[in-house]
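Worksheet: one structure, shown below.
The values are calculated or read from the model by the stated rules, or taken from the named source; none is laboratory data. These numbers were taken from a predicted model, which means no experiment stands behind them. Glycine gets a Cβ as well: all are built from the backbone with ideal geometry, and neighbour counts include every protein chain shown.
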């Protein structure tokens with residue numbers, strides 16, 4: 001009986017803290033955002049799984065196709081900041097599958113550029129078609145106004161978390177706009 005009361009008090013405390021007037025529901029919003037991220041990530045990874053791609057591999061391929069030109073590994077790393085592993089290891093794995101190719105500059109042999117192969121472009125086209133279906137499935141019921149509001153709120157959350165971690169959200173936004181082909185409003 002005492003255990004039940006203690007458990008109830010913990011749940012009630014969390015619920016009331018999450019929805020209290022003082023917090024404006026920020027705790028609850030954070031929990032919901034975390035749940036949404038976890039579930040979005042699971043769905044996204046299920047799209048990549050049949051292609052045997054990791055998120056880091058996909059984002060490198062996506063960046064290369066969006067840039068429209070070969071990039072050096074250091075340029076890719078500057079834009080992507082792949083954590084937890086070396087970009088060279090990720091590039092090695094993609095190259096072994098024939099999705100990208102490294103080429104040395106004829107002018108300066110120290111310079112190496114990475115480019116998509118035809119096989120990489122074809123696979124990325126298929127993957128991105130599946131991702132588009134996922135996005136439409138999840139966001140399809142939202143009106144244009146709701147989508148714009150969601151984008152605005154997500155940007156604000158992203159920017160605040162980047163600042164909290166000592167980063168510059170303007171750089172991240174510049175990269176997003178440069179490689180997504182999407183304007184600031186969309």
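Give the residue, chosen from 30, 23, 74, that is at pLDDT below 90 and under 21 Å from residue 173 (Cα atoms).
74
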Residue within segment 86-93 that is surrounded by 11 or more Cβ atoms within 10 Å (Cβ to Cβ) and in a loop (DSSP other than H, G, I, E, B) present: yes
Sole residue being closer than 29 Å to residue 161 by Cβ and out of contact with any strand residue (DSSP E or B) (no Cβ under 6 Å at 6 or more places or on another chain), chosen from 111, 38, 107: 38
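Per-residue answers, yes or no, for (1) assigned by TED's automatic domain parsing to the domain that holds residue 115; (2) surrounded by fewer than 17 Cβ atoms within 10 Å (Cβ to Cβ); (3) over 15 Å from the mean Cα position of the chain (by Cα); (4) within 18 Å of residue 92 (Cα to Cα):
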site	(1), (2), (3), (4)
30	no, yes, yes, no
38	no, yes, no, no
53	yes, no, no, yes
59	yes, no, no, yes
70	yes, no, yes, yes
74	yes, yes, yes, yes
Top-ranked residue in segment 124-138 [being out of contact with any helix residue (DSSP H, G or I) (no Cβ under 6 Å at 6 or more places or on another chain) and either in contact (Cβ under 8 Å) with a residue 24 or more places away in the chain or not assigned by TED's automatic domain parsing to the domain that holds residue 61 (or both); ranked as nearest to residue 40 (Cα to Cα)]: 138
